[in-house]
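Student: I'd like to ask some things about the structure below.
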Amino acid sequence: MKWLLLFCILMHGNSLWGQFYLNDIIGLKVSQEKYQMMRKSKINKIIGNSIEADGSNTKGFILNQELQIDGKKMTTTIANSSSSPEKITNIYELSKLKRTIVNKSSIETKTEYGYNENGALNKITSTTIDSVQKKTVTETHIWYYQPNGSPSKMIKFGNGMDTLTVELVSDSSGLIIKEYWFKKGKKIETYYYYYSNNQLTDVVRFNIKANRLIPDFVYEYNQQNQLTSMIQISFNGSAVVHWTYTYHSNGLRETETARDKAKNIIAKITYSFERQ
């Protein structure tokens, strides 16, 4: 069930996606939309149940997400019999995510979010402390925007790392279509974003070994603009995981199912909730 725990982490605030626009901007937007749906529907708890390929419940699996009545704090607990429990605490101010604290084993990561006068994300600072290794790592992302509100650039820096500059190119409607990474003045990576009806459908980069563009992610949506399918592809194309999603009538997710390249079920989570 390793993919299961990885995906839970992705969906609940610890995105591991490489693309910075996808991770920082779109990831935060998706998280905020879920938070607003919970508040609108007066949901104070979401419970996830993991189901194995044979239909049995995963032993030792816990996924609980609790939102305070005043909407100022959300706590997510993720546990599995094969790994240490993880606790994620989101703090909100004026209905915007202000701080995330992740605790797992001896490692704690605190992430602070800053916004500009238009309410757009302009700063992320993450500090990770390993109490066993006695090591602290800090990383900061500073975001810049065009007059029309589209992000134009991000600068990443931190202790023990080279500064990375990310430049974004948008189309005439403001949609981001290219993401360039520069380190010490040299371009080191390029991502391409594709859309249909203003919805992101593909995130693509050039594969040197295959000598062609290969997608990292492929998305599909239903008529309600809800994500119904996501395909994750490893950089060399050797691993493919196909996720499908269904939803409750209030817009919150009902199921997540992962299948491998041969369409065998790797993991499945069903979600239920409790109201205030």
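Student: Sequence-distant or interchain residues sharing an amide H contact under 5 Å with I177, placed H: which?
Tutor: The list, which skips near neighbours in sequence, is V169, S170, D171.
Student: Convert each backbone phi in the stretch 244-254 into a coupling constant with the Karplus relation 6.51 cos²θ - 1.76 cosθ + 1.60 (shift: θ = phi - 60°), then list the ³J(HN,Hα) values in order as whole Hz, x for Gly and Pro.
Tutor: With coefficients 6.51, -1.76 and 1.60, one gets 10, 9, 10, 9, 6, 5, 7, x, 6, 5, 9 Hz.
Student: Straight distance only, please: which aspartates and glutamates reach the Cα of K40 with their own Cα at less than 19 Å, same-chain residues fewer than 8 apart left out?
Tutor: Counting by Cα, and skipping residues close in sequence, K40 has these aspartates and glutamates nearby: E66, D70, E93, E254, E274.
Student: Would you work out the relative contact order for the chain, in percent, from Cα pairs under 8 angstrom that are 6 or more residues apart?
Tutor: Result for the chain is 13 percent.
Student: Which lysines, on any chain, are close to K184 with Cα under 23 Å apart, when same-chain ones fewer than 8 places away are left out?
Tutor: K123, K153, K156
Student: Roughly speaking, what is the stretch gain from Q133 to V240, that is 0.36 nm per residue apart minus the C-alpha to C-alpha distance, in nm to one decimal?
Tutor: Working: separation 107, 0.36 × 107 = 38.52 nm, distance 3.44 nm.
Separation in residues times 0.36 nm, less the Cα-Cα distance, equals 35.1 nm.
Student: Further, regarding this structure: If you work out semi-axes √(5λ) of the Cα gyration tensor in Å from the coordinates, which of (i) 33, 29, 17; (ii) 28, 24, 21; (iii) 43, 26, 14 do you get?
Tutor: This structure yields the entry labelled (ii).
Student: Pairs of lysine in the stretch 186-266 with Cα under 26 Å and at least 8 positions apart or on different chains: total?
Tutor: Value for the stretch 186-266: 4.
Student: Quick check on the chain: helices-only [θ] at 222 nm, where DSSP H runs of length 4 and up contribute -39,500 (n - 2.57) each and the sum goes over total residues. Nearest 500, please.
Tutor: Per the formula, -2500 deg cm²/dmol.
Student: Tell me, what is the 1.4 Å probe accessible area of K87, in Å² to the nearest 10?
Tutor: Taking all protein chains as shown, K87 has close to 100 Å².
Student: How much net charge surrounds P147 when only other residues with a Cβ under 14 Å from its Cβ are counted (Lys, Arg +1; Asp, Glu -1)?
Tutor: Net charge in that neighbourhood comes out at 0.
Student: Starting from the amide H of D216, placed 1.01 Å from N in the peptide plane, find each other amide H under 5 Å away whose residue is 5 or more places distant or on another chain.
Tutor: Amide H neighbours of D216: V203, V204, R205.
Student: Under the Karplus relation 6.51 cos²θ - 1.76 cosθ + 1.60, θ = phi - 60°, what is the ordered set of whole-Hz ³J(HN,Hα) values for the stretch 62-77, x standing for Gly and Pro?
Tutor: 9, 9, 10, 10, 10, 10, 4, 4, 7, x, 8, 8, 10, 10, 10, 10
Student: While we're looking at this one, here's another question. Beyond 19 Å, how much of the Cα-Cα pair distribution for the stretch 130-248 remains, as a whole percent?
Tutor: Tail of P(r) above 19 Å: 63 percent of Cα pairs.
Student: Further question: If you place +1 on the Cβ of every Lys and Arg and -1 on the Cβ of every Asp and Glu, how big does the dipole about the Cα centre of the stretch 141-199 come out, in debye to the nearest 20?
Tutor: Approximately 220 debye in magnitude.
Student: Counting Lys and Arg as +1 and Asp and Glu as -1, what is the net charge of the other residues whose Cβ lies under 15 Å from the Cβ of S126?
Tutor: Cβ neighbours under 15 Å give a net charge of +2.
Student: Applying the Karplus parametrisation 6.51 cos²θ - 1.76 cosθ + 1.60 with θ = phi - 60° to the phi angles of the stretch 126-141, what ³J(HN,Hα) value in whole Hz is obtained for each residue in order, glycine and proline being reported as x?
Tutor: Those phi angles translate into 10, 10, 10, 10, 9, 6, 7, 7, 6, 10, 10, 10, 10, 9, 10, 10 Hz.
The values are calculated or read from the model by the stated rules, or taken from the named source; none is laboratory data. If you're wondering where the values come from, they're calculated on a predicted model, not measured in any experiment. Cβ: placed from backbone, ideal geometry, glycine included. Neighbour counts: every protein chain shown. With ligands, DNA and RNA removed, areas are computed over all heavy atoms of the protein, side chains included. Shrake-Rupley method; radii C 1.70, N 1.55, O 1.52, S 1.80 Å.
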